[in-house]
1. Are there any helices (runs of 4 or more DSSP H) wholly within segment 37-151 with 3 or more residues that are in contact (Cβ under 8 Å) with a residue 60 or more places away in the chain, buried (at least 24 other Cβ atoms within 10 Å of the Cβ) and not basic (Lys, Arg), and if so which?
2. Every residue in segment 381-410 that is part of a loop (DSSP other than H, G, I, E, B), within 30 Å of the chain's Cα centre (by Cα) and touching a residue at least 60 places away in the same chain (Cβ under 8 Å), please.
3. What tally of residues in segment 484-512 results from selecting those that are assigned to a helix (DSSP H, G or I) and basic (Lys, Arg)?
4. Can you name every residue in segment 430-463 that is farther than 23 Å from Pro308 by Cβ and of a type in the set (Val, Ile, Thr)?
5. Output the number of residues of segment 436-461 satisfying the condition of being under 17 Å from Glu143 (Cα atoms) and in a strand (DSSP E or B).
6. Would you say Arg433 is part of a loop (DSSP other than H, G, I, E, B) and either of a type in the set (Lys, Arg) or crowded, with 19+ Cβ neighbours inside 10 Å (or both)?
7. Would you be able to tell me the number of residues in segment 188-202 that are among the hydrophobic types (A, V, I, L, M, F, W, C) and in a loop (DSSP other than H, G, I, E, B)?
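The values are calculated or read from the model by the stated rules, or taken from the named source; none is laboratory data. Remember, it's a predicted structure, so these values are computed and weren't measured experimentally. Cβ coordinates were reconstructed from backbone atoms using ideal geometry, including for glycine residues, and neighbour counts include every protein chain displayed.
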Amino acid sequence: MGAQQIGITVDPALEAAAAPLLDKLVADGVASKLAAQDATLWGSDAESEASIRLSWTALHRSSRPLIGEIEALRNDLRSEGVDRVVLAGMGGSSLAPEVITATAGVPLTVLDTTDPAQVADALAGDLDRTVLVVSSKSGTTVETDSHRRVFAAAFAEEGLDPARHIVVVTDPGSPLAELDQCRKVFLADPHVGGRYSALTAFGLVPAGLAGADVARLLDQAALVADTVAADTSENPALRLAAAFGAAHEGGAEKLVLADTGSGITGFGDWAEQLIAESTGKQGTGLLPVVVEGPDAPGFGDAGADATPVAIGPAGDGARIAADGPLGAQFLLWEWAVAVAGRLLGIDPFDQPDVEAAKKAARSLLDDPDALHATSAPAAVSGAVEVYASTGTSAEGSLADMLREFTDTVPDGGYLSVQAYLDRLDDASAALLRSEIAKRAGTQTTFGWGPRFLHSTGQYHKGGHQNGVFLQITGASEEDLQVPDRPYTLGTLQLAQALGDGQVLADHGRPVLRLHLTDRAAGLAEVMRAVQELDR
């Protein structure tokens, strides 16, 4: 990993508005109290949870013993010709390793999907050269458990011992901690939540096994540790937190994140989970909108409900933080978001609304007849089946229906595109974000399902209730049975989409699902319809 430098630039007016909040944070000694792991910083209601979630503040020191263990295992694997690393993990268990390895330029195959085709592609690699890192704090994450079962069966079918090709990262006491069928178990610090776990075993083990210099990552974090713990107005974490707090107070609850040349790959996707899941609850929060660059729709033309945040070399705005490479930024942003939680009056360490979608999906999996007995589509347009929500009549062309749906976005609201597809083979779906934002003139987010359920999914249900949700599902040409489970990956994927859609509808939010009976043709048709929105 090179010495990439990420600076953070915002509008100068926001920095001025943040000054009183910054002064208060300094006067209250918030930074030093956080360094001391003071669980009272977020109020009495949050104290119980915070008391077991603050070890991340010292990971630049406490994670050091992992380095030797990771290096030893990596050397052993390489000596046996095992040099392909596949990571099965969701949310905090996959986002940080993906950023670390992509930035370092080392290969890591990430499975944070239930799409059968994407999992099949991972299985198609040389299994005798493959180690599967199974990463889950609870040890019961349904997607990750499914990946483990599928890969264990595939290893055995190839005549390979699964126990030699599986490595586990989990919390003490989880079911995975007792797994016999694995080569090694790395136990992570249980006093660190998933989205704050970049510098724990969850971030370091898969990245290190893949070849990233994770010792250097800890060194980078250590360089900024004293700075973010200082009760001064120059503390970049306090400055960033105060800017976020001032933006929210001013009605700009959306943070539009654009990389302006940081040299770090995928940082916005990691920050997205940290911000959304930490702050989006109790009807409030900060919604991260990750865009394609500073020229993307939603950034330069952001309205009063959104704050553009440039991540990279100095821009024209106020530079409120410029503290070094990736390891430093992990710690800086974690610190800033935790402090922003204090300013918003919420507990940044819980996720009270995540479980609802999981329960809904499990209920559908337990009742396959209900899952597959979905109502007939309200309309069919070529390879696209339209399942209409409240407020959409499903009349006219597909473009007419999409236009009617986007009109349901309230003033100051947002539209969330959720693609339950293969993020490799169906990558063009991501283009829908910018096309809709440009033509509908509304802040638009994009997430791959079910990956986003472990990220922005918390905000969708717990944050500001002004979102509308466009789901895109697709038929699978081939499916994969999950061994020793009564469902396939395709069935699980559909249950997750329908379950989350039901929870959103129960919250009174508009949901429109477009099902692609042919993925390539359907995506092309949806894109054409979107491009007609402004006509």
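1. Values: elements: 44-50, 59-62, 64-79, 95-104, 116-123.
So the answer is 95-104.
2. Once the filter is applied, which keeps residues that are part of a loop (DSSP other than H, G, I, E, B), within 30 Å of the chain's Cα centre (by Cα) and touching a residue at least 60 places away in the same chain (Cβ under 8 Å), segment 381-410 yields Ala383, Ala388, Ser389, Thr390, Gly391, Thr392, Thr408.
3. Here the count works out to 0.
4. Within segment 430-463, no residue meets the criteria.
5. So the answer is 2.
6. Criteria not met by Arg433.
7. 4
Condition check ((1) at pLDDT below 90; (2) buried (at least 24 other Cβ atoms within 10 Å of the Cβ)) across all residues:
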residue: Gln282; (1), (2): no, no
residue: Val289; (1), (2): no, yes
residue: Gly293; (1), (2): no, no
residue: Pro308; (1), (2): no, yes
residue: Ala318; (1), (2): yes, no
residue: Leu326; (1), (2): no, yes
